[in-house]
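Trainee: Dumping the structure here so I can ask a few things about it.
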Amino acid sequence: MCRLADALASLQRDLRTDRLCVSVLPSFGSRWLGPRIGRFIEAHPGCEIAVQSTALRADLLHDGVDVAVRWGFGRYPGLRGELLMDEVLFPVAAPALLGERGVPSVPVSLKGWPMLRSRGEEWLPWFRAAGLDWPEPERGIVFDDSALAIQAAIDGHGVLLARGSLAHDALRSGQLRRLFEIDVPLHYHPGQDVDPSLGADASGQPRRWSYWIVTPAHRPLAPLTRAFIAWLHAEVRAMVGGM
């Protein structure tokens, strides 16, 4: 019965060539996809785009999702995984906060600043890259959603170690300023909410967190899905070129 329902759902999707269902994390949806999706709709008038913004992982085999953008390591059994973009972390702060405290000239000048954190995105690797022997902050606000953390930084509540892609638009608009030309990739480490077998490679080395385009492997991509994937890559190239 389940196979029949899946087959009927697949047939309905194939017949609707003007509809696309996309699944993304709330942080990616609000800070990256949302401000850009209008350009795709303008280029494809008459199509229907359904965006599912949820922290729950969509079941691309049964939920009617055509394409998902996932934050992970590219290992998705039964699915196609295609790298969209790597990510780096660096400190950002609001101009108002910098006006109150002064723009820090060197990393050690951040001592005593309120430090915002997103869960799983620790400051420690950046501290080491900046030559600081400080421990991981234990006080202040910790966010489960990176988009909420960026908004808190925009509101002047502290300095944030932000994902570059999610902070990009706020940096361009002047809502945030980047502090220092030091950035670090985000790698898996024990304690993160992910299966350890996915977070490390065969030699035990931690994998890098990145954004991946994920599609069902059991069916060919519809023209609108292929167009959307090409558009995602073009938007990333435009963003990187404008940095």
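Trainee: Taking the conditions exactly as written (in a helix (DSSP H, G or I) and farther than 23 Å from Arg208 by Cα), does Leu166 satisfy them or not?
Mentor: In short, no.
Trainee: Show the residue pairs that are 6+ apart or on different chains and have beta-carbon atoms under 9 Å apart, the first residue being within segment 180-198 and farther than 16 Å from Met85 by Cα and surrounded by 10 or more Cβ atoms within 10 Å (Cβ to Cβ), the second being modelled with pLDDT of 75 or more and among the basic types (Lys, Arg).
Mentor: Tyr188/Arg207; Tyr188/Arg208; Gln192/Arg119; Leu198/Arg75; Leu198/Arg207
Trainee: What do you reckon, is Gly204 surrounded by fewer than 18 Cβ atoms within 10 Å (Cβ to Cβ) and assigned by TED's automatic domain parsing to the domain that holds Lys111? Outline the logic, then answer.
Mentor: Numbers: surrounded by fewer than 18 Cβ atoms within 10 Å (Cβ to Cβ): yes; assigned by TED's automatic domain parsing to the domain that holds Lys111: no.
No; evaluated as a whole, the condition is false for this residue.
Trainee: Next question, about the same structure. Quick one: how many residues across segment 215-239 are small (Gly, Ala, Ser), outside any helix (DSSP H, G or I) and surrounded by fewer than 17 Cβ atoms within 10 Å (Cβ to Cβ)? Working first, answer last.
Mentor: Filtering segment 215-239 down to residues small (Gly, Ala, Ser) leaves 217, 222, 227, 230, 234, 238.
In the following step, the residues that additionally are outside any helix (DSSP H, G or I) were identified as 217, 222.
Now restrict to residues that are surrounded by fewer than 17 Cβ atoms within 10 Å (Cβ to Cβ): 217.
Here the count works out to 1.
Trainee: For segment 142-149, indicate whether the set of residues that are assigned to a helix (DSSP H, G or I), under 20 Å from the mean Cα position of the chain (by Cα) and farther than 22 Å from Arg208 by Cα is non-empty.
Mentor: The answer is yes; a qualifying residue exists.
Trainee: Then there's this: Pick from Pro104, Pro137: which is surrounded by 14 or more Cβ atoms within 10 Å (Cβ to Cβ), in contact with a helix residue (DSSP H, G or I) (Cβ under 7 Å, 6 or more places away or on another chain) and in a loop (DSSP other than H, G, I, E, B)? I'd like the intermediate steps shown before the answer.
Mentor: Details: Pro137 fails: in contact with a helix residue (DSSP H, G or I) (Cβ under 7 Å, 6 or more places away or on another chain).
One residue alone meets the criteria, Pro104.
The values are calculated or read from the model by the stated rules, or taken from the named source; none is laboratory data. Nothing here was measured: the structure is a model prediction, and the numbers come from that model. For neighbour counting, all protein chains shown are included, and Cβ atoms are generated from backbone atoms with ideal geometry for every residue, glycine included.
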